[in-house]
Amino acid sequence: MSKSMRLSRFAISVCIALAGGIVFAKTSPELVKQEEGFYYGFGKGSTAEEASLEAKRDLVSSALTATLRAVDAKASRVNVSDESVKARLADLKPYAEEKKGFSPAVTYRIKIADWEKKEKAYADILRADLAARVNGLPGKHDVSGRITGAVAILARLADEGETELLSAQPSGTELLSRKVESICADAARSLVLTIAVRDGFIDPASKFSVKASDSSGNAVAALSLNVIWDTPSLPTEAAVADVPEVRTMVKTDAFGIAAVDYPVSADYRNRPVTLTVTTACAASVPSSAALKKLDAATAVDARYVHFDDIKTAFPSVTVPAGEFNAGAVAQDTRAGKKEAARIVTTGSYAVDVGPVTNARYAAFLHATRAENMPEYFDNSDYNQGDQPVVGVSAKDAEAYADWLSAQTGCKYRLPTEEEWEKAARAGKETIYPWGDDSPSDAQRANYKGNSLFSVTSPVGAFENGKNASGLVDMAGNVWEWTSSTHSKDAASTLRIVKGGSWMDGPTELRISNFREIDGQTGYPDVGFRLIKEE
């Protein structure tokens, strides 16, 4: 609605009175028959005092709402505080009373003309008081003072029911609330909130804080801030998937810094979490859409992955340096020429106990603010937290390895074909990680037709499939990316995958077996595990 279309609040009420319309109270009183030209208020309570206050509130609210709806027919009913009600109608006498029984009832009424006279005088005093407070707001360098002062004025307007009614000037069209909201927004635009601990791994020793400063870098002291902890909707290994958010309020000290406590709930341990900090302007005026918008505009967040013990969160097994026999073992009659035996030398490295799970990969996506999810991540057949992640390319796997390296200070990467095979053998000359027995008994691996799983299985679901080092899922469940290729073309995107999958028969699960596929593509039967250089 344009300013030119907004009539004076008092002119609006005169129009209502001249039209002869009845302005009904919130609850139609049974004690009286309402007449034209009056505002009414009706209330009940456990005491006469409660009933009187409720009736006066009903009258004030009805009168203010009628004025507002003459401009905006869809406006919500106006609410007022107890103090405002008492100040406006302190000398008004009851029109009708019922004091018998357990619920005293009372009705008040006032002529619209009398109300307008009283309300104009009340509004003039209120405007003068608040205008003086607006003019007395701290200078632009005191960001906290300007925001706090402006919010206090808006809270007073809300208490008085005047947010959408009181003009900045007696005969003006600009609302005082809009002027104050603009002052508050200008101050907030110069505010910079900085969370000390940035995205990444955290543990119980991590200490969190937020700093408030202005655009010139000066500390903003005594500023109230909202602190919100929550958990993203991503695959997780946590016992509780949906955790209620945790909200607190803090205030910055003389240096513009406020300490932030991590949630004490066990549900916030060992999982991805988000910390969001905003101004707390709307806390004082919950009904203000402008202040809610302002709080949202100042929001900053940090994305973490919490571990009780980061060092033990990624279990691995050390593979010693030295020579080993790669390729087919002598007793493997199903091996082809491509699996020719050969002696290979490797350095020492540590290999992940199992393939990377959806939960671990989801943590990576969360902390790096990834915009694109892997294919199948929204498919409940494949996206459980303890299942191996699939639908990721070799490049995706390498990006995860780089991130994990940065978080832990250790060098993680995809294994070469030979490193993968050496880890799977665990120092033994066997066809499968557990020995030479075929997994066709459905007790050692997830393969096509195993009768237990028709898609990927939870990592480590087959206890009997472990190798001598305790590595799980080295055969079946998902093929695993390596950094190797057999192509002679330097520009080739082909990569070797090892281990077989849930889509393959038992023969494909042999240690020496491999496939060469496009490393730029994700597949429903290909995941990965990493090695850590030592």
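The values are calculated or read from the model by the stated rules, or taken from the named source; none is laboratory data. Quantities reported herein were computed from a predicted structural model and do not represent experimental measurements. When we count neighbours, we look across all protein chains shown, and the Cβ atoms used for this are built from the backbone with ideal geometry, even at glycine. Ligands, DNA and RNA are stripped out before the accessible areas are found, and what is left, the full protein with its side chains, is counted by its heavy atoms. Shrake-Rupley method; radii C 1.70, N 1.55, O 1.52, S 1.80 Å.
The table below lists the values:
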read-out: All positions within segment 178-192 that are among the aliphatic types (A, V, I, L, M) and not in a strand (DSSP E or B); value: 180, 183, 185, 187, 188
read-out: Close pairs from segment 205-225: first in contact (Cβ under 8 Å) with a residue 60 or more places away in the chain, partner in a strand (DSSP E or B) and basic (Lys, Arg), Cβ under 9 Å, at least 6 apart; value: 220/211; 221/251; 222/251; 223/251; 224/251
read-out: In segment 340-366, residue most open to solvent (accessible area, probe 1.4 Å) [restricted to those that are in a strand (DSSP E or B) and hydrophobic (A, V, I, L, M, F, W, C)]; value: 343
read-out: Top-ranked residue of segment 456-482 - restricted to ones that are open to solvent by 30 Å² or more (accessible area, probe 1.4 Å) and farther than 16 Å from residue 424 by Cβ, ranked as farthest from the chain's Cα centre (by Cα); value: 463
read-out: In segment 221-270, residue farthest from residue 193 (Cα to Cα) [restricted to those that are outside any loop (DSSP other than H, G, I, E, B) and in contact with a Phe, Trp or Tyr (Cβ under 6 Å, 6 or more places away or on another chain)]; value: 246
read-out: Subset tally (residues that are of a type in the set (Val, Ile, Thr), more than 14 Å from residue 533 (Cα to Cα) and out of contact with any Ser or Thr (no Cβ under 7 Å at 6 or more places or on another chain)) for segment 315-351; value: 4
read-out: Cβ pairs under 6 Å, 6+ apart, first in segment 521-534 and at pLDDT 95 or above, second of a type in the set (Gly, Ala, Ser) and surrounded by fewer than 24 Cβ atoms within 10 Å (Cβ to Cβ); value: 521/393; 522/391; 522/393; 530/401; 532/316; 532/350
read-out: Selection within segment 80-126 - under 47 Å from the mean Cα position of the chain (by Cα) and in contact (Cβ under 8 Å) with a residue 40 or more places away in the chain; value: 80, 81, 83, 84, 103, 119, 120, 123, 124, 126
read-out: Of all residues making up segment 275-295, the number that are under 13 Å from residue 230 (Cα atoms) and touching a residue at least 60 places away in the same chain (Cβ under 8 Å); value: 2
read-out: Residue that is nearest to residue 287 (Cα to Cα), among those in segment 57-74 that are in contact (Cβ under 8 Å) with a residue 24 or more places away in the chain and surrounded by fewer than 16 Cβ atoms within 10 Å (Cβ to Cβ); value: 72
read-out: Members of segment 412-437 found to be in contact with a Leu (Cβ under 9 Å, 6 or more places away or on another chain) and either open to solvent by 30 Å² or more (accessible area, probe 1.4 Å) or at positive phi (or both), listed by number; value: 413, 426
read-out: Members of segment 376-433 found to be outside any helix (DSSP H, G or I) and without any contact (Cβ under 8 Å) to a residue 24 or more places away in the chain, listed by number; value: 378, 379, 380, 409
read-out: Of all residues in segment 120-143 being more than 28 Å from residue 60 (Cβ to Cβ) and touching a strand residue (DSSP E or B) at 6+ places or on another chain (Cβ under 8 Å), the one that is least open to solvent (accessible area, probe 1.4 Å); value: 143
read-out: Segment 227-265 - residue that is among the aromatic types (Phe, Trp, Tyr) and closer than 23 Å to residue 367 by Cβ and, of those, least open to solvent (accessible area, probe 1.4 Å); value: 229
read-out: Residue match in segment 193-206 (condition: of a type in the set (A, V, I, L, M), assigned to a strand (DSSP E or B) and open to solvent by 30 Å² or more (accessible area, probe 1.4 Å)); value: no
read-out: Members of segment 271-286 that are surrounded by fewer than 19 Cβ atoms within 10 Å (Cβ to Cβ) and either of a type in the set (Lys, Arg) or closer than 18 Å to residue 238 by Cα (or both); value: 274
